[in-house]
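Asker: Below is the structure I would like to discuss, written out as structure tokens.
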Amino acid sequence: PGLRAGSCLPPCLRSLLVAPGLATMSSATGTLTVQQPLNYRAGARVQPADGGQLEEVFEPATGRVLCKLPCSGEKEVDLAVQSAKAAFKIWSQMSGMERCRVMLEAARIIRQREEIATMETINNGKSIFEARVDIDISWQCLEYYAGLAGSLAGEHIQLPGGSFGYTRREPLGVCVGIGAWNYPFQIACWKSGPALACGNAMVFKPSPFTPISVVRLAEIFTEAGVPKGLFNVVQGGAATGQLLCQHPDVAKISFTGSVPTGMKIMEMAAKGIKPVTLELGGKSPLIIFSDADLENAVKGALMANFLTQGEVCCNGTRVFVERKILDTFTKEVVKRTQKIKIGDPLLEDTRMGALINRPHLNRVQGFIKQAKEQGAEVLCGGDLYVPDDPKLKNGYYMRPCVLGNCKDDMTCVKEEIFGPVMAILPFDTEEEVLERANATKFGLAGGVFTRDIQKAHRVVAALKAGMCFINNYNVSPVELPFGGYKSSGFGRENGRAAIEYYSQLKTVCVEMGDVESVF
Ligand SMILES: NC(=O)c1ccc[n+]([C@@H]2O[C@H](COP(=O)([O-])OP(=O)(O)OC[C@H]3O[C@@H](n4cnc5c(N)ncnc54)[C@H](O)[C@@H]3O)[C@@H](O)[C@H]2O)c1
Ligand SMILES: C[N+](C)(C)CCCC=O
């Protein structure tokens, strides 16, 4: 599928983009071992100064332990922040065009490194096909913000008597990025792209489930020429994240993760009067009208539910289908879902890999069990999948699931499952479906399929969601702002809009005459 125009080149064409002689990672599923340190500070991989608790990092495809991750404590977090502070002094004084050149170089290097997608697949469990798309979106993001870096500017405002004012768009300082495990490398690029373009430094903490690929990003930034210490990586879970959020020298926090953690982040940020970007969860509606192109609507519903094993924040998991086409649509969706190739995520033809870990797989299974108890009908999938390949037998696989006979008050329709589970809900009128689509605490995304252009725009205007799709779903052009309404968060990533969240405006008032004193 064309997830992003030009981003899904077949392997034969993609190889044309890879400079000959560059190192590629040859690891197959079940063979990678991680030996190098996963913290990055002052331009180099380092062992954390105070590495305390060890977290096991798994390969979801096999259930193997990839490494034991030392979690960074107070000392390491402080060293990373101090390293970023020092680099900020240099980077923030460079012109936008100078920053642009370095960021373009980073984008160019990422584009050549096929091994990043391999790493992402091994650590996250998503198919290599998808991981490549994620990495394409990542370098495109850096390219896009490199382009904006050179044109960041304030305005000039004329005042009476020849006096005037002007505004300067200035960086914030050391920004903290905290990421979720579903798009490890991409989330780091969505945060560091606008942050660095605006002249900030960053300390990034990936999820402890997926600590590996972000360190490659740090190395690439250094190779591209950022000052040493501009982009640092600390590792760990909630405790490390808290240390970052509470650090007095941190100017901003950009968080991607669940709603409950988002609330805690906002509380910590409030105590330090720090601006926050919150990219949180969702339970988004996808509305299929009977006049839609059925083939596209079916493809759209699959795209809205089954990318990355359904572990996608903006997934359209509540699929509202106009009753007239319910049976035809459902039959076709079930048929296509059953054909999704599950298995070794590094194989070229796999389209669904393994879920992130055993507890999460069990949680998703729990939602399906509860759905059945509440009266939903499993139309396909939902059970565990055991691949034939013996090395995959301890991996975290399940068959993608379509639920019928769903009601709005069922848990599977109300709560974010974050797995490959689609709920189909019939509707009769536009007014009714909009009311039901908006009856949720979330507001991340929404979509509509119809051939009626007026209806399409009317419906998305009425949806209370930050990212809406007409006649497609889950495409991700970096030029478009992305972010939520309501409990799904605030602030935006991607597009020009993100610049607002990584910079501050200084106003300068210039007197060209004499001071008129009132004293
Ligand atoms: N809106 C978006 O752009 C977006 C994108 C991806 C994922 N998500 C959401 O993320 C969730 C899944 O990701 P997850 O399970 O990693 O979420 P999570 O909230 O459990 O963890 C996210 C990150 O926060 C850290 N963390 C946890 N507790 C913390 C604390 N008290 N202080 C500071 N940091 C803390 C974690 O270590 C991790 O790095 C889903 O709800 C999904 O919808 C949202
Ligand atoms: C790239 N997607 C598919 C739009 C996902 C964005 C991040 C959400 O989890």
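Asker: Answer yes or no: is there a residue in the stretch 379-396 that is surrounded by 24 or more Cβ atoms within 10 Å (Cβ to Cβ), at pLDDT 95 or above, outside any helix (DSSP H, G or I) and under 27 Å from the mean Cα position of the chain (by Cα).
Answerer: Yes, the conditions are met somewhere in the stretch 379-396.
Asker: Give the residue, chosen from V133, V174, V102, V77, that is touching a Ser or Thr at 6+ places or on another chain (Cβ under 9 Å) and over 30 Å from R351 (Cα atoms).
Answerer: On the way: V133 fails: over 30 Å from R351 (Cα atoms); V174 fails: touching a Ser or Thr at 6+ places or on another chain (Cβ under 9 Å); V102 fails: touching a Ser or Thr at 6+ places or on another chain (Cβ under 9 Å).
Selected residue: V77, the only one of V133, V174, V102, V77 that is touching a Ser or Thr at 6+ places or on another chain (Cβ under 9 Å) and over 30 Å from R351 (Cα atoms).
Asker: What about T240, is it more than 16 Å from ligand 2 (Cβ to nearest atom), in contact (Cβ under 8 Å) with a residue 12 or more places away in the chain, farther than 26 Å from I499 by Cβ and buried (at least 19 other Cβ atoms within 10 Å of the Cβ)? Show your work before the answer.
Answerer: Numbers: more than 16 Å from ligand 2 (Cβ to nearest atom): yes; in contact (Cβ under 8 Å) with a residue 12 or more places away in the chain: yes; farther than 26 Å from I499 by Cβ: yes; buried (at least 19 other Cβ atoms within 10 Å of the Cβ): yes.
Judged against the criteria, T240 is a match.
Asker: Among the residues of the stretch 415-425, is any without any contact (Cβ under 8 Å) to a residue 60 or more places away in the chain, part of a strand (DSSP E or B) and either acidic (D, E) or in contact with a Gly (Cβ under 8 Å, 6 or more places away or on another chain) (or both)? Can you show your working first?
Answerer: Filtering the stretch 415-425 for residues without any contact (Cβ under 8 Å) to a residue 60 or more places away in the chain gives none.
Checked the stretch 415-425: no residue is without any contact (Cβ under 8 Å) to a residue 60 or more places away in the chain, part of a strand (DSSP E or B) and either acidic (D, E) or in contact with a Gly (Cβ under 8 Å, 6 or more places away or on another chain) (or both).
Asker: Does G443 satisfy the condition of being out of contact with any His (no Cβ under 7 Å at 6 or more places or on another chain) and within 13 Å of ligand 2 (Cβ to nearest atom)?
Answerer: On the way: out of contact with any His (no Cβ under 7 Å at 6 or more places or on another chain): yes; within 13 Å of ligand 2 (Cβ to nearest atom): no.
No; evaluated as a whole, the condition is false for this residue.
Here's the yes/no breakdown for (1) among the aliphatic types (A, V, I, L, M); (2) within 16 Å of ligand 1 (Cβ to nearest atom):
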| residue | (1), (2) |
| --- | --- |
| A304 | yes, yes |
| N315 | no, yes |
| F329 | no, no |
| K335 | no, no |
| G343 | no, no |
| E348 | no, no |
| R358 | no, yes |
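Asker: Go through the residues of the stretch 278-286 one by one and say whether even a single one is part of a helix (DSSP H, G or I) and of a type in the set (D, E).
Answerer: Taking the stretch 278-286 first, the residues part of a helix (DSSP H, G or I) are none.
Within the stretch 278-286, not a single residue is part of a helix (DSSP H, G or I) and of a type in the set (D, E).
Asker: Among (1) surrounded by fewer than 22 Cβ atoms within 10 Å (Cβ to Cβ); (2) in a helix (DSSP H, G or I); (3) within 16 Å of ligand 1 (Cβ to nearest atom), there is one condition C412 misses while meeting the rest; what is its number?
Answerer: Going through the list (1) surrounded by fewer than 22 Cβ atoms within 10 Å (Cβ to Cβ); (2) in a helix (DSSP H, G or I); (3) within 16 Å of ligand 1 (Cβ to nearest atom), C412 breaks only (1).
Asker: Tell me which of these H156 doesn't satisfy, since it passes every other one: (1) over 20 Å from the mean Cα position of the chain (by Cα); (2) surrounded by 24 or more Cβ atoms within 10 Å (Cβ to Cβ).
Answerer: (2)
Asker: Given (1) among the basic types (K, R); (2) surrounded by fewer than 23 Cβ atoms within 10 Å (Cβ to Cβ); (3) within 15 Å of ligand 2 (Cβ to nearest atom), identify the lone condition not met by K191.
Answerer: (2)
Asker: So K331 passes all but one of these: (1) surrounded by fewer than 20 Cβ atoms within 10 Å (Cβ to Cβ); (2) touching a residue at least 24 places away in the same chain (Cβ under 8 Å). Which condition number does it fail?
Answerer: (2)
The values are calculated or read from the model by the stated rules, or taken from the named source; none is laboratory data. Source: prediction; values computed, not measured. Quick reminder, even Gly has a Cβ in these numbers, built from the backbone with ideal geometry, and neighbours come from all protein chains shown.
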